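**Student:** So that we are looking at the same thing, I have put the structure below in structure tokens.
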């Protein structure tokens, strides 16, 4: 099933209008997620915008799909190049030392990402979330500026 896919956070959905049904009952969470769905944002971005954790989004999105209120939008997902990821790790290690790996793992878990599958569309958010974990402001700014310049523009 689509909502059980490990790459759900990088998938895109859009709202649809059904002409074949008259009434649909939605709870508050379903309405909240439905209003946040935007085909220009992946599910990870939508989840953050509506302040829901990914496991809850999976459950509610499944209901919205079953009701035919949203559909999957096929978009090519371009992932960060390994060289950019290695550069990010190097710069973060310079800023926080051996805690770099833990910081990266925590942010990946929060965002539902995998180290070798970070979409270019989510990369800026990923870098900014990591930067927030750098205690010294000067190091935070240097890290963010250096890494963001390496992310390809879409």
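The values are calculated or read from the model by the stated rules, or taken from the named source; none is laboratory data. Keep in mind that this is a model prediction, so the values were computed, not measured. Positions of Cβ are backbone-derived with ideal geometry, glycine not excepted, and every protein chain shown enters the neighbour counts.
**Student:** Under the condition of being in contact (Cβ under 8 Å) with a residue 60 or more places away in the chain and not in a helix (DSSP H, G or I), which residue from segment 124-154 is surrounded by the fewest Cβ atoms within 10 Å (Cβ to Cβ)?
**Tutor:** First, pick out the residues of segment 124-154 that are in contact (Cβ under 8 Å) with a residue 60 or more places away in the chain: 125, 147, 150-152, 154.
With not in a helix (DSSP H, G or I) added as a condition, the list becomes 150-152, 154.
Values: 150: 16, 151: 17, 152: 10, 154: 8.
Result: 154.
Matching residues to (1) crowded, with 19+ Cβ neighbours inside 10 Å; (2) touching a helix residue (DSSP H, G or I) at 6+ places or on another chain (Cβ under 8 Å); (3) assigned by TED's automatic domain parsing to the domain that holds residue 6; (4) outside any helix (DSSP H, G or I):
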residue	(1), (2), (3), (4)
19	no, no, yes, yes
31	no, no, yes, no
44	yes, yes, yes, no
86	no, no, no, no
91	yes, yes, no, no
122	yes, yes, no, no
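**Student:** Looking at (1) at pLDDT below 95; (2) within 17 Å of residue 79 (Cα to Cα), which one does residue 98 not meet, given that it meets all the others?
**Tutor:** Failed condition: (2).
**Student:** If I go through segment 13-25 residue by residue, how many of them are without any contact (Cβ under 8 Å) to a residue 12 or more places away in the chain and under 21 Å from residue 39 (Cα atoms)?
**Tutor:** Of the residues in segment 13-25, 2 are without any contact (Cβ under 8 Å) to a residue 12 or more places away in the chain and under 21 Å from residue 39 (Cα atoms).
**Student:** Write out, first by first residue and then by second, each pair whose Cβ atoms fall under 6 Å of each other, whose residues are 6+ apart or on separate chains, and whose first residue, in segment 56-83, is part of a loop (DSSP other than H, G, I, E, B) while the second is crowded, with 16+ Cβ neighbours inside 10 Å.
**Tutor:** Close Cβ pairs satisfying both conditions: 75/12; 77/10; 77/119; 78/120; 80/118; 80/123.
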